[in-house]
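Here is the structure we will look at, set down as structure tokens.
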Amino acid sequence: MTSQITIRKAALSLTAFFALNIFTFSSPERTIPQGSVEFTLGSYSMNEPRFEAAYPSGGLMVGLTLSSAIASNVNFYLDIKYYSRQGALTFSKEKTTFYLVPIDLGIRYIYPLGFFHPYLGAGLDFYFYYEDNLLGTVLNYANGYHITGGTYLRFAKSIPVMVNVRLKYTWVKAEENAIQIQLGGLEYSAGLTFAF
């Protein structure tokens, strides 16, 4: 509970900082002039104790991000990612597999600071998930929301290739057999971005 309050306070502080910069300073430099394509690789930790009891913690998440400039350094983004885990049921130790396809839609503001281009964003999430084990097969989806922050590392202005380092927290709850499951959690990733 304390960690969620801390995350919310940090997000509100960063939002206030970026909002102040959007409305008081104009930046001639645009990190992403029209749009971008990004390939990401990261780690995902689901905030659900029952999930961690059956599956190894953490796990690799791969994804593709598309973005489009709305105005100045305000961008719309679409993330499509893939996450899978294999584990064992807690009572029978039978094999269980889990697949997750998160789709995120959001808006972010990027603030150019030379080499660093920090950003803050928020949006909606649509999580499609599939689980298969001895108890049965589940194919369903759930909705939620997220906050994200990070920075683009721009090594040269003349080269439209950047590295993106990102942190994201998602709140997504699913319900199976009248039991609520928290599919959201903490994600940190790095990506290679091609801006145009």
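Screening the stretch 121-165 for residues that are within 30 Å of GLN34 (Cβ to Cβ), over 14 Å from the mean Cα position of the chain (by Cα) and of a type in the set (Gly, Ala, Ser) and picking the one that is surrounded by the fewest Cβ atoms within 10 Å (Cβ to Cβ) gives SER158. Among the residues making up the stretch 136-158, a single one is assigned to a strand (DSSP E or B), free of Cβ contacts under 8 Å to residues at least 12 places away in the same chain and of a type in the set (A, V, I, L, M): LEU139. Count of the stretch 121-141 residues, restricted to those that are of a type outside the set (Ser, Thr, Tyr) and in contact with a Pro (Cβ under 7 Å, 6 or more places away or on another chain), is 1. The set of residues from the stretch 31-60 being within 11 Å of GLY191 (Cβ to Cβ) and surrounded by 16 or more Cβ atoms within 10 Å (Cβ to Cβ) comprises SER36, GLU38, THR40, GLY42.
In the set ASN164, ASN177, only one residue is of a type in the set (S, T, N, Q) and touching a strand residue (DSSP E or B) at 6+ places or on another chain (Cβ under 6 Å); that residue is ASN164.
If you go through the stretch 79-97 and keep only what is under 15 Å from GLU131 (Cβ atoms) and among the basic types (Lys, Arg), you end up with ARG85, LYS95.
No value in this document is a laboratory result; all are computed from the given coordinates. It should be emphasised that the depicted structure is a prediction, and the values quoted were computed from it without experimental measurement. Glycine also receives a Cβ, built like all others from the backbone with ideal geometry; neighbour counts cover every protein chain displayed.
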